[in-house]
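Derivation of every value follows stated rules applied to the coordinates shown; laboratory data play no part. All values derive from a computational prediction rather than experimental measurement. Virtual Cβ from ideal backbone geometry, glycine too; neighbours counted across all protein chains shown.
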Amino acid sequence: MNALIGKTPFYRLLLPVITGIAASSSFDISASATLRFGLSGLLVMLLSFWVEKCNSFKFRWLFGSGLFIFLFSLAAGQYREQEQRVRFSFPEREQSYVATMLDIPEVKPRSIACHVKTAPPFEKKVIVYLEQTDEARLLVPGDEILFCARLQPFQNFGNPDDFDYVRYMHIKGFSASGYVPAENWLKTGRESRTVPVLAQRIRGKALALFRSYLPDEDAYAFIAAITLGYKACLSDDLQEAFRASGTAHVLAVSGLHVGIIYLIISLIFSFMGKSGYLFMMRQWIVILVLWGYVFMAGMSSSVIRAAIMITIFCLGSMQHQRGFTYNTLAASAFLILIFRPMNLFDVSFQMSFGAVFAILFFQPKIQSLCIPKTRVAKYIWDLFTVSTAAQLGVFPLTLYYFGTFPTYFFITNLLVVPIVGIILYATVPLTVLGIFGIHQTGLIGLLQDVFRTIVQIFTELILRIVYISESLPFARLSGSHLSFFQLVLLLLFVFLVTVFLYSHRPRYLIISLALVLMVQLSVTHEKLTKPPPQLVIFNSPGTSEIGLFDHHTRYLTVVPENGFIPHPGKSILHLSDDSLSGFYAEERFPIDILILSRCREFQIKQILGLINPSVIVLDSSLPRFTVNKVVKECDQSGIRVHDVTQNGAYSVNF
């Protein structure tokens with residue numbers, strides 16, 4: 001292990017960066033403290049150069065300590081600055097803004113979502129939802145618009161099984177969102193022509209080309225995702241099918257995709273030779289084209305990681321040094337986190353680096369267990385070992401974030417991954433020919449037809465494989481959520497067991513068994529202290545959803561539209577119309593909870609003349625004007641109100 005760290009100098013640079021980001025996210029570290037800390041690190045590094053040569057070995061730790069402190073403060077300061085950049089600071093009133101389109105507009109059921117960056121003095125990334133019009137559909141990246149809206153901070157739904165949407169959007173760099181009617185915006189006529197904008201325009205042309213020869217929505221969404229990282233068209237059912245089959249990684253542009261693009265680019269410029277100045281020029285051309293593709297693919301963590309590793313590989317090739325190593329992986333993580341520190345908490349970042357580290361660490365060990373004799377068997381065995389190694393690295397994260405694990409991943413990956421490679425090899429030339437308008441008859445026209453047919457046939461084949469594997473019995477283990485403590489223990493266990501199998505040192509086995517015992521004790525403790533099931537009024541915009549929630553799982557139940565919901569300790573009345581308005585009572589009937597849903601006009605005064613609730617819960621199916629009216633009347637009567645759209649889901653323990 002020490003030898004591994006010694007051969008990975010970027011690991012020692014990455015450690016203070018991760019520590020600084022984690023510290024800055026957990027504690028409020030001021031800018032002045034960060035500056036003082038960084039300057040002290042620089043001072044310690046300078047002092048190390050004044051040590052006499054005879055004592056240099058004794059005080060060799062000085063430079064390393066100073067560098068650690070400096071990188072720690074740099075990462076903490078970068079994280080703090082990025083957090084302030086995405087922090088909501090817009091006025092609460094409606095105001096006019098000038099903004100530039102950053103990405104391709106996404107058509108939603110009732111609006112068109114546009115990712116824009118507002119002009120000074122705010123200069124923040126926001127999402128504006130434009131009313132659906134022909135003008136809104138024609139917007140392209142780089143267009144400048146003037147709009148008037150009330151921008152609001154992102155909000156979580158507040159359901160017990162929801163993920164932290166606010167933090168997710170902040171990690172993506174967005175500060176706010178707002179709805180803009182058709183009459184409240186217009187194009188200024190000015191355009192931005194930066195490299196990212198031009199890349200997104202090319203991306204839009206490629207997507208239009210895909211749409212022209214892939215009429216099936218799922219096929220188009222799949223091709224758009226694996227080639228250009230465009231996931232806006234992926235349906236929930238399609239993404240769920242890929243997750244259940246264990247092939248969700250192919251939807252994210254990563255090392256597999258970028259590697260194929262690299263091979264194609266290298267093949268195109270192979271005439272420039274393998275040595276000399278032309279070879280060096282070839283490597284620089286490959287790097288530039290590759291990073292152009294990174295801009296087109298949306299600059300996700302996985303694609304940037306792959307591009308950095310291949311860039312380092314190209315630079316090493318100029319010096320006749322080849323191969324991907326732990327140091328290359330650590331260097332890419334270091335560069336990403338220095339410039340985008342919030343990516344440390346991005347699930348895709350963690351899974352991408354976890355998978356690659358696992359491939360580098362586990363795959364050679366698994367591969368050595370068997371030596372196939374034929375080329376075909378070797379190819380299948382290599383594919384199997386890579387897939388298994390990657391799963392060893394990401395399955396603890398999958399259980400931690402999603403609570404599921406695909407059981408047939410080794411079979412589906414053997415089928416899907418080679419086909420994805422075929423599709424990518426066919427899509428690249430087809431896209432280039434289409435974007436540059438090269439539509440000719442003869443040989444080129446024949447090649448276009450052949451590539452198009454290959455893409456269509458193999459895309460349909462992949463979708464069929466994925467949907468079939470999802471439908472198989474026991475295709476996925478679910479309900480196995482890990483705590484953060486269990487996640488750390490499981491990662492250490494997998495790592496140490498592998499080390500023991502190849503080092504045969506008893507201490508690694510003893511520690512691994514101790515980790516298993518700690519995991520089991522943790523699981524037992526969770527079961528003994530498991531919270532009771534809850535009746536939950538969920539926040540599901542536009543619908544009324546009342547059900548049970550137990551052990552990270554939502555169970556929808558049938559509840560009476562007008563009547564009492566059974567509960568052992570609480571009296572809970574559910575009303576979905578105003579049928580009680582015609583009744584009168586001499587004495588009010590006391591109840592614990594009154595749930596109001598669906599109806600647009602509740603006669604609250606008459607209802608409160610019949611019953612005396614401790615709290616009134618307004619579910620998410622009620623119109624906004626109804627909610628405001630009910631809240632106003634309840635305030636006058638001194639009744640507590642819980643609006644699930646504003647305050648999150650309402651829960652009652654059984």
Place a +1 charge on the Cβ of each Lys and Arg in the chain and a -1 charge on the Cβ of each Asp and Glu, then give the dipole magnitude about the Cα centre in debye, rounded to the nearest 20.
-> 2900 debye
For the range 534-653, what is the Kirkwood hydrodynamic radius in Å, using each pair of distinct C-alpha atoms?
-> 14.5 Å
For the chain, whose charge dipole is built from +1 on Lys and Arg Cβ atoms and -1 on Asp and Glu Cβ atoms, the candidate among Leu424, Leu214, Gly173 with its Cα farthest towards the positive end is Leu424
Which of Phe63, Val286, Val17 sits farthest toward the positive end of the charge dipole of the chain, with +1 on the Cβ of Lys and Arg and -1 on the Cβ of Asp and Glu?
-> Phe63
Counting only DSSP beta bridges with both partners in the chain, the antiparallel fraction in percent, to the nearest 5, comes to 65 percent
In terms of Cα to Cα distance under 30 Å, which lysines are near enough to Lys373, apart from those fewer than 8 places away along the same chain?
-> Lys365
Nearest 5 is fine: what % of DSSP beta bridges in the range 564-654 come out antiparallel, could you say?
-> 10 percent
Helix 301-318: inclination vs the chain longest Cα principal axis, degrees, rounded to 10, gives 10 degrees
Taking the chain and counting helices only, DSSP H stretches of n ≥ 4 at -39,500 (n - 2.57) each over all residues, the nearest-500 ellipticity at 222 nm comes to -18500 deg cm²/dmol
Relative to the chain, whose Cα atoms define the longest principal axis, helix 276-296 and its Cα axis are tilted in degrees, nearest 10, by 0 degrees
Applied in sequence order to the range 134-140, the curve 6.51 cos²θ - 1.76 cosθ + 1.60 (Karplus, θ = phi - 60°) yields integer Hz couplings, x standing for Gly and Pro, of 5, 5, 5, 5, 8, 5, 10
When you have a sec, figure out the Kirkwood radius of the range 201-477 from all distinct Cα pair distances and drop it here in Å to one decimal?
-> 19.9 Å
Arg12 versus Leu487: modelled label distance in nm, points set 7 Å from Cα along the beta carbon direction = 2.9 nm
Looking only at lysines whose Cα falls under 20 Å of Lys231's and that sit 8 or more positions away or on another chain, we get Lys108, Lys125, Lys172, Lys205
The lysines whose Cα lies under 30 Å from the Cα of Lys632, excluding any fewer than 8 residues away in the same chain, are Lys570, Lys605
Crossing angle, helix 255-268 versus the chain [Cα axis fit, 0-90 degrees, rounded to tens] = 40 degrees
